[in-house]
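The structure appears below as structure tokens.
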Amino acid sequence: MMSGSDQAYYDQEFVPSPVAHGQWMEEIRSYFSNYASRLNLALESTEGKIAELGAGSCGLSLCLSELPNARNIYAVDISLSRMQRMLEFSASILGGKIDMVQTIACDFNGVLPFSDGELDAVVFDAALHHSRSIWGTLTECHRVLRDGGVLIAQREAYLSPLRAASQIKRLLSTPEIAANVSENIYLREQYLYYLAVNGFDAEFIPHSIGWLKKLLKVFNGSLFSDGVLYARKKKARQSMAF
Ligand SMILES: C[S@@+](CC[C@H](N)C(=O)[O-])C[C@H]1O[C@@H](n2cnc3c(N)ncnc32)[C@H](O)[C@@H]1O
């Protein structure tokens, strides 16, 4: 795996202006509010252990810290320095319980720093598509989640069946590709497929921000895809006793 360039890129990423960061945090909160009560219900009677993978600014971790049934939030990222630069900045905008958020340096292309079935939820915000192997990362998520545990991916960049050629052309000209950073773009159906084959029951919850996309919501899934992937780890199959 060649994740060294990924870490170097994110270590050096600039800190945005307060206005730009404020808009970014509001976007994270808007997607989160779409499933927050459902996730809170799923965490009832659990240890409330949640990991955000590719946490970066830790905006989603801070939102999660406000859930009544959340107890421990692990913000995991390949760039520890990025999280350290951004956590307080994000909290100054979003609020949240900063002391509940524990930052951990880890490359999610490898083994995650949790034991089997330790976590009740794993979440991603604009991060799952950075995996160099979505199969490998989802297999690890499956391992660290308890049976029935929740996996959520919000703000993924989806390929549109109608605009795929131009989207891929644009991706090729991004600074991330120039810096050999792992960037991918998948169809919504591909995410559902990868989740299904890695042992999850998954659904797509449409959610758009901005008046134009709200107006065009009947095209969500064709012209564009905006929403949240909400999945649950299927119970392990019992082996047959003979
Ligand atoms: C587009 S940013 C979004 C992150 C976050 N939601 C935020 O608001 O900053 C992608 C994040 O994924 C992290 N990342 C990329 N590749 C990673 C990897 N292999 N393992 C762990 N984190 C990774 C980056 O460091 C970055 O913080």
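Details
- Applying the criterion of being among the small types (Gly, Ala, Ser) and within 16 Å of the ligand (Cβ to nearest atom) to the residues of the range 179-210, the residue that is farthest from Lys49 (Cα to Cα) is Ala179.
- Of residues in the range 100-132 being of a type in the set (S, T, N, Q) and in contact (Cβ under 8 Å) with a residue 40 or more places away in the chain, the one farthest from Val228 (Cα to Cα): Thr103
- In the range 90-108, the residue that is farthest from Val123 (Cα to Cα) out of those that are away from the ligand (no atom under 12 Å from the Cβ) and part of a helix (DSSP H, G or I) is Ser92.
- The listed residue being closer than 25 Å to Thr139 by Cβ, within 10 Å of the ligand (Cβ to nearest atom) and of a type in the set (S, T, N, Q), out of Ser79, Ser115: Ser79
- Candidates in the range 149-166 are the residues that are in contact with a helix residue (DSSP H, G or I) (Cβ under 7 Å, 6 or more places away or on another chain) and away from the ligand (no atom under 16 Å from the Cβ); of these, the one that is farthest from Lys235 (Cα to Cα) is Ser160.
- Checking every residue in the range 208-226 against the condition of being of a type outside the set (Ser, Thr, Tyr), at pLDDT 95 or above and either touching a strand residue (DSSP E or B) at 6+ places or on another chain (Cβ under 9 Å) or surrounded by 14 or more Cβ atoms within 10 Å (Cβ to Cβ) (or both) gives zero matches.
- Taken over the range 167-208, the criterion of being over 16 Å from Lys233 (Cβ atoms) and of a type in the set (D, E, K, R) is satisfied by Lys169, Arg170, Glu176, Glu183, Arg188, Glu189.
- Condition check for Ala202: under 24 Å from Met25 (Cα atoms), aliphatic (A, V, I, L, M), under 19 Å from the mean Cα position of the chain (by Cα) and not in a helix (DSSP H, G or I): no
- Residue in the range 107-120 that is at pLDDT 95 or above and closer than 26 Å to Gln23 by Cα present: no
- Enumeration of residues in the range 172-192 that are part of a helix (DSSP H, G or I) and either surrounded by 14 or more Cβ atoms within 10 Å (Cβ to Cβ) or touching a residue at least 60 places away in the same chain (Cβ under 8 Å) (or both): Glu176, Arg188, Glu189, Gln190, Tyr191, Leu192
- Any chance Arg143 is among the basic types (Lys, Arg), in a helix (DSSP H, G or I) and in contact with a Leu (Cβ under 8 Å, 6 or more places away or on another chain): yes
- Residue match in the range 31-38 (condition: buried (at least 19 other Cβ atoms within 10 Å of the Cβ), under 13 Å from the mean Cα position of the chain (by Cα) and within 16 Å of the ligand (Cβ to nearest atom)): yes
- Criterion: over 24 Å from Gly110 (Cβ atoms) and small (Gly, Ala, Ser) - qualifying residue of Gly221, Gly149: Gly221
- None of Ala20, Ala70 is more than 10 Å from the ligand (Cβ to nearest atom) and in a helix (DSSP H, G or I) except Ala20.
The values are calculated or read from the model by the stated rules, or taken from the named source; none is laboratory data. Please read these numbers as outputs of a predicted model, since none were measured by experiment. Quick reminder, even Gly has a Cβ in these numbers, built from the backbone with ideal geometry, and neighbours come from all protein chains shown.
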